[in-house]
Amino acid sequence: MITAPPQVAVIMGSQSDWQTMRHAVDILGEFAVPHEVRIVSAHRTPHRMVEFAEGARGRGLKVIIAGAGGAAHLPGMVAAITDLPVFGVPVESAALKGQDSLLSIVQMPGGVPVGTLAIGKPGAINAGLLAVSVLSLSDSALAAKLAAYRRRQTEGVALEPSRDS
Ligand code: RP5
């Protein structure tokens, strides 16, 4: 079986981030975007992180989604090494509910961008959708799928709330 080379990488600092980051992976699967999923920790596997980021563009990756919690340095450090688009997902931490993750990711110095998403599941979903959106700029079939997804979403919103729930 020939599998397409990954266009998007979803990386996360720890196994414990999976329950959040799987929502980004689900979106990529739904849109049939070739992707890879890796644990890459800025603190526990710094050499793996450098190797990953240095090789990302050369391996044909186009977008990187990086999730981390607490002292969430992974997205910023990856963005420091590669100039591919990096979307950062702040994972909700036990101690500070992800406020620490959010602030660690969002406050990048000018010149080294990380597109920072919301804390937790909505952020992971939207990181997946943003990756799809970036790829759709040069893929009209993907653009049509994304438009259909958004249309279905709009059509799924009732005009009036149900009084039963
Ligand atoms: C970060 O530390 C990870 O991204 C994770 O969100 C957090 C806690 O990691 P574990 O102690 O659960 O492995 O590096």
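Structure data summary
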| read-out | value |
| --- | --- |
| Residue list for segment 93-124, filter: more than 13 Å from the ligand (Cβ to nearest atom), buried (at least 18 other Cβ atoms within 10 Å of the Cβ) and of a type in the set (A, V, I, L, M) | MET108, VAL114, LEU117 |
| Residues (more than 19 Å from VAL132 (Cα to Cα) and over 13 Å from the mean Cα position of the chain (by Cα)) located in segment 57-75 | GLY58, GLY69, GLY70, ALA71, ALA72, HIS73 |
| Single residue of segment 12-27 satisfying the filter (more than 10 Å from the ligand (Cβ to nearest atom) and touching a residue at least 24 places away in the same chain (Cβ under 8 Å)) that is surrounded by the most Cβ atoms within 10 Å (Cβ to Cβ) | ALA24 |
| Qualifying position, being surrounded by 14 or more Cβ atoms within 10 Å (Cβ to Cβ) and without any contact (Cβ under 8 Å) to a residue 60 or more places away in the chain, among HIS73, HIS47 | HIS73 |
| Subset of segment 19-68 (residues that are closer than 17 Å to GLY88 by Cβ and polar (S, T, N, Q)) | THR20, SER41 |
| Residue list for segment 28-63, filter: under 22 Å from GLY98 (Cα atoms) and away from the ligand (no atom under 15 Å from the Cβ) | none |
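Readers should treat all values here as calculations from the given coordinates under stated rules, not as data from a laboratory. Quick caveat, the model's predicted, so the values are computed rather than measured. All Cβ positions, glycine included, derive from the backbone under ideal geometry; neighbour counts span all protein chains shown.
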